[in-house]
Structures are given as C-alpha cells and as structure tokens.
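*Asks:* Would you mind keeping the following structure in view while I ask a few things?
What follows draws every value from the coordinates through simple rules; no lab data is involved. The structure displayed is predicted, hence computed values, not measured ones. Note: ideal-geometry Cβ built from the backbone for every residue, glycine included; neighbour counts use all protein chains shown.
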Amino acid sequence: MTPYPQVLFQNRKPDRIATLTEYRRNGGYTALSDAVRRQTPREIQQQLLDARLLGRGGAGFPSGSKLMAVAEDAPFPRYILCNDDEMEPGTFKDRVLIHADPHQLIEGMALAGYAIQAAKGIVFIRPEYEGAARILEREILLAQDAGCIGSRIFGSDYNFDIVVHRSGGRYICGEGTAQLNALQGRRPNPKLPPPYATEKGLWDRPTIQQNVETLCCMPHVIKNGADWFKGLALTPTGAGTKIFCVSGRVNRPGAYELPMGIPLREIIEVHAGGMRSGSRFKACLPGGASTRFMTEADLDIPMDFDSLKAKGHRLGTGAVMVFDHQTCLVAATLNLMEFFVRESCGWCTPCREGLPDIRDLLRRIETGLGEPDFISRLATMSRHLWYAYCAFAPGAASPLESLLTNFPEEVQAHISLKTCPLKKA
C-alpha cells in the first residue's frame, strides 16, 4: 500500500469500475453542483490557475490559462475536447483512469465546459480502447439520467452533453491540431497557429483540448481548493499527484498515483518493486518514447515539470520505461525509431526524410554494418528534426540525442566490433 494520498485512484477497485453511486458517495459531482449554482466561470478558471494544474498529457501548459484564453465574447458553440488518443509508447494511465473511475472524467469535462460556457464535450479515443469507449458511453447515459450532465445540470441553466468519438488510429492524431483535423474528417496533418484552437478550433469555434488525467484532476481542485492541491506535491514547484506508468525490467510494472516531485529512485525501487532478480538499472525514459534517457546519476531528480526541465529532461506523460544492464540501448532506440517512422504523418521534410534515414543508420549499426562517420551523421540528423512542423520529430530526436550523449561507448562498440556487444555468444 502506498503511504501517499490517493486522489485520482481513491475509488479504484481491483476488478471493476467504480459505479455512479460509489462516486457520488465519496463526494463525486459535488464540485460541479456547487460550480453551476454558486460560482462564475471566471472563478473556476482562476481556481485551476491558482492550483498550478499543468497539463498531464506531456506539454505541461497551465490549464487555467488555457481556459482563460477563450474570450468572454467568443462565438458559440464552444467545445471541450478530451484527448484520449494515448499512443505514446509506455503510456496507459488514461485507460486505467477510465476503467477505474469514469465519472471523474465526465465531471471534469463538465467543469471545464462550464468554465468556458461550452455546451458539448467530445472524447477522442483511440480505437484500441474499445472497452473504455463502451464504459464511457454507458456511464454518460447514467450521468444524464441522474441529472449530472445534459439539460439544466443540477437545476441550473447550464446544459452540457458528451459524445465519444473513436479515432482512426494514428499516433499523430494525439497532436492537438492534427486531432482537430481528424475530428473534422480531414487528413490529420498538424497546422501552425495562429489562429489557436481557443479562438478557432473545431468548425472554427473556440475549443479547449485537455488530456484525460488533467480533466480528472479538475473536480478535486474545485472541491478541495488550490492550496490543498499544491500541498499534495513534494516540491515547491510541483502541484497535485501524478499517475506514473512504470514498465520494463521491474518487479511490479503498473500505474501508480504518487505525489508530483517524488524522486525517480523511489518510483522504481519502492513502488515498482525494484529491478528484477539479476538485473541492474542502466537507464530509463521518464515520460514515454519522446523523452531522453536518464541514467543512474539522475535517480534522485524529483519528478516534476520544473525539476526535470532544469536537468535537461521532460516529464512527458510520466511513463517510466526501465532498462537494465543487459538491454542494448541501440536496439531500444532503433525500436522507438521504427515506431516514429511508421506513425509520422509525412507532412514535412524532417519527419518524412529524416526519420527513415536515422532508422537506417541505427539498423546498420545494430546489425554490424555501421561505419565511424555514422555517429556524426546521426547527430546532424537529430538536429535537423528540431526544424519540423510540429513537436513530433523533436520528440523522436530525444532518445537518439541522449543515446549519443550518455552512451557513446555503446554505440562505438557496435561499430568497432561489427556486432552488438551485448549479444550472447
């Protein structure tokens, strides 16, 4: 049992979802009921801003500021778009949250909707999450029947409906502007602002996009207050809890709700049960495939946005992928690059041309065909990725850049020995 407060997982059951009755028994929908009857939209926005609730999908943008970006005189209708595409390798927190406590998300969407006076919410969900989609569709109907969403919520004048939209199924659909295109039946290519989605999003109307985990935090902030939320963190710059998805060479992989700012070492050695028998820690990706490798020297870094940024890392989605001393990181990086090549939309040159070239160089190094100049070529290509149209290619560059920086001797050994040095004879 974790010694830390369970906020997002407070209603989590070992074998089933929490029911609407159980959710309300523990204070569910209290925040929404009070908000629509006693608070103004601006007050909701300010509370979220004061709580320092940062987006849990990877960008870490202040949720209150995003809501405030919708002007009071902006046109109607307005939309809340919940991003549950969740195709970042190693990340499964949003699926776990929906399977544990779906009304937490429903209430969070309604609160965000009230904060900008939106009448409709859309859950954009990846097709592999069919179970979660069906859960949401069923529980949305139950929430409507109970008067928690729909027309005249809790006897107020506020109306808010939610629909579930199944994605076509590509990683790029999780990028904000590409997601807007996908929902409108267009090719999911990203586009550069302006205009921003808060001005012209879905069908040229103001749209707020938030991650599942971020929306699930909102009822707790509104119910308990900004100071309470900030007090959950272990660092002054952090706020709230975070769902960390731990995978790889650990004894207890899984999703853990822990305070923002918890040291990486505690996540791995305590909550994930430490390394498997016979394994020694070598590296990890702290926030999914789009982050940099962290080494043993980084184990005591607090896991919050600012602390990681100060050390040149990103929290990302909080998906901690752990590698042991027997793992070839060239092969691991190649595997990630295969994913990025496949999932690129191909819109701009750095992605379309740069990623396959990097994959080819890594593949040749891993199979014993590498040449000494491949290392400098990889470094050059990784720099080119930062000139891409969206954040997809820079994210793909992150594990490669850290491989070359933190493990140059492993890359060089592949080239010198003409084989992977970790292959068993």
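*Asks:* Which pairs break 19 Å Cα to Cα here: 120/230; 242/309; 66/120; 200/223; 120/200; 282/309?
*Replies:* From 120/230; 242/309; 66/120; 200/223; 120/200; 282/309, over 19 Å: 120/230; 200/223; 282/309.
*Asks:* Same structure, new question: If I model a spin label as a point 7 Å beyond the Cα along the Cα-Cβ vector, how far apart are those points for residue 16 and residue 413 in nm?
*Replies:* Taking the simple label geometry, residue 16 and residue 413 are separated by 5.2 nm.
*Asks:* Can you give me the Cα centroid spacing of segment 1-35 and segment 56-72 in angstrom?
*Replies:* Value for the Cα centre distance between the two parts: 24 Å.
*Asks:* Distance in nm between label sites at residue 72 and residue 142, each 7 Å beyond Cα in the beta-carbon direction?
*Replies:* Label-label distance for residue 72 and residue 142, simple model: 3.9 nm.
*Asks:* I've got another one for you. Quick query: amide H of residue 123 versus all other amide H atoms, modeled in the peptide plane; which residues come in under 5 Å with a sequence gap of 5 or more or a different chain?
*Replies:* Amide H neighbours of residue 123: 82, 163, 164, 165.
*Asks:* Rank 111, 77, 90 by how far each Cα sits towards the positive end of the charge dipole of segment 74-124 (+1 on Lys, Arg Cβ; -1 on Asp, Glu Cβ) and give me just the farthest.
*Replies:* Looking along the dipole axis, the top candidate is 77.
*Asks:* Share of antiparallel DSSP beta bridges in segment 202-356, in percent to the nearest 5?
*Replies:* 75
*Asks:* Let me ask another. Relative to the present Cα-Cα distance, how much length would full extension add between residue 387 and residue 369 at 0.36 nm per residue of separation?
*Replies:* 3.6 nm
*Asks:* Let me ask you something else. Cα to Cα, under 15 Å, and not fewer than 8 places away if on the same chain: which aspartates and glutamates meet these conditions relative to residue 13?
*Replies:* 22, 101, 257
*Asks:* Where is the GNM fluctuation largest for the chain (alpha-carbon springs, 10 angstrom cutoff): 197, 310, 59?
*Replies:* Answer for the Gaussian network model of the chain: 310.
*Asks:* Determine which residues of segment 55-90 fall in the zone a paramagnetic label at residue 128 would reach in this model, i.e. backbone nitrogen under 17 Å from the point 7 Å along Cα→Cβ.
*Replies:* Output list for this probe position: 84-90.
*Asks:* So for segment 104-160, what percent of the C-alpha to C-alpha distances run longer than 14 Å?
*Replies:* Taking all Cα-Cα pairs of segment 104-160, the fraction more than 14 Å apart is 55 percent.
*Asks:* With +1 on each Lys and Arg Cβ and -1 on each Asp and Glu Cβ, and nothing else charged, work out how big the dipole of segment 367-425 is about its Cα centre, in Debye to the nearest 20.
*Replies:* The calculation lands at about 180 debye.
*Asks:* Moving on. Taking the Cα centre of segment 193-267 as origin, work out the dipole magnitude from +1 charges on Lys and Arg Cβ and -1 charges on Asp and Glu Cβ, in debye rounded to 20.
*Replies:* Values: 8 positive and 6 negative charges, 43 e Å.
Magnitude of the dipole: close to 200 debye.
*Asks:* Still on this model: Reachable aspartates and glutamates from residue 418, Cα under 19 Å, same-chain residues fewer than 8 places away excluded?
*Replies:* Residue 418 reaches 360, 366, 371, 373, 409, 410.
*Asks:* Where the convex hull is taken over the Cα atoms of segment 193-300, what is its projected area averaged over directions, in nm²?
*Replies:* Projected over every direction and averaged, the Cα hull of segment 193-300 covers 9.3 nm².
*Asks:* Sticking with this one: In the chain, what % of DSSP beta bridges are antiparallel (nearest 5)?
*Replies:* Close to 40 percent.
*Asks:* To continue, here is another question. I'd like the distance separating the alpha-carbon centroids of segment 298-374 and segment 104-138, in whole Å.
*Replies:* 32
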